[in-house]
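Down below is the structure, laid out as structure tokens.
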Amino acid sequence: MLQRRLAEGLEQQGENCVCFRRASALLRYLQTEQGPVAVIADCFLPDMDLFTFVRQYRELVSCRKGCRLIFTCTESYPGEEMRLRVLSSGADYYMIKPYTAQMLLESLRQLYSPVAPARTPSVRPDVVEYLKGLGLSAGSVSFWYLASAVQMGVVSGELIPQKTLYIELSRMYQVSPQGVESGLRRAARTLTQLGVFPEMPSPKQLVVTLVIAFKRE
């Protein structure tokens with residue numbers, strides 16, 4: 001039912017959707033030249049191991065630029081450790097069910113256009129320089145989400161609940177909490193690729209670790 005509602009909502013927004021019940025059918029479709037620009041798949045695949053699917057998906061789209069893979073899951077399944085494994089193995093993002101077609105479209109816009117906002121809230125120069133020193137580019141919106149999150153943690157002096165952080169940043173940057181989470185995960189992936197983290201951290205781990213590290217400097 002969620003699949004049908006999402007498809008209807010996306011089509012109302014002018015997007016074309018093709019739905020599949022099985023991962024194997026989706027993989028066959030990806031072999032066509034007119035393959036989709038984005039794939040949304042549930043973490044519970046009825047006919048295939050999750051990591052087998054991700055591997056085969058990546059092999060099929062390796063020569064295509066811009067194809068994104070988003071997983072949907074419940075709050076409790078899979079667990080955070082499994083989600084991080086899925087992201088590090090090749091998925092671009094995951095969304096917690098339920099969500100609307102509009103929320104999905106905003107997450108896709110964040111994934112395809114991660115440019116810095118035209119106007120950014122005030123962030124301390126030392127926080128900006130610290131993140132630049134880690135190798136992050138100030139030309140991405142992920143940079144500014146993370147910079148504001150680190151500043152909030154430094155100023156408050158205590159751990160800010162994750163949902164509160166997302167809500168505050170979403171108001172600050174006029175995006176959805178899902179868009180904030182997407183941006184922070186992109187920053188986590190970039191820092192992992194740069195060697196700052198041995199394994200990709202969750203957004204919560206990312207912010208906490210950087211706040212502590214910044215205070216030590």
Scanning the stretch 149-167 for residues that are open to solvent by less than 20 Å² (accessible area, probe 1.4 Å) and farther than 14 Å from Pro177 by Cα gives Val150, Gly153
In the stretch 75-96, is there at least one residue being in contact with an Asp or Glu (Cβ under 6 Å, 6 or more places away or on another chain), open to solvent by 40 Å² or more (accessible area, probe 1.4 Å) and free of Cβ contacts under 8 Å to residues at least 40 places away in the same chain?
-> yes
Restricting attention to the stretch 1-37, the residues that are open to solvent by less than 40 Å² (accessible area, probe 1.4 Å) and on the phi > 0 side of the Ramachandran plot number exactly 0
Of those in the stretch 190-213 that are more than 17 Å from Tyr94 (Cβ to Cβ) and of a type in the set (Ser, Thr, Tyr), the residue modelled with the lowest pLDDT is Thr190
Regarding the stretch 119-135, can at least one residue be identified that is modelled with pLDDT of 85 or more, touching a Lys or Arg at 6+ places or on another chain (Cβ under 6 Å) and open to solvent by less than 50 Å² (accessible area, probe 1.4 Å)? no
query = Does Glu129 satisfy the criteria of being among the charged types (D, E, K, R), out of contact with any Asp or Glu (no Cβ under 8 Å at 6 or more places or on another chain), assigned to a helix (DSSP H, G or I) and free of Cβ contacts under 8 Å to residues at least 12 places away in the same chain?
reply = yes
Checked Glu15, Glu59, Glu75, Glu8 against criteria (within 28 Å of Thr190 (Cβ to Cβ), of a type in the set (Asp, Glu) and not in a loop (DSSP other than H, G, I, E, B)); the one match is Glu59
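The values are calculated or read from the model by the stated rules, or taken from the named source; none is laboratory data. Quick caveat, the model's predicted, so the values are computed rather than measured. Positions of Cβ are backbone-derived with ideal geometry, glycine not excepted, and every protein chain shown enters the neighbour counts. Heavy atoms of the whole protein, side chains included, go into the accessibility calculation; ligands, DNA and RNA do not. Shrake-Rupley method; radii C 1.70, N 1.55, O 1.52, S 1.80 Å.
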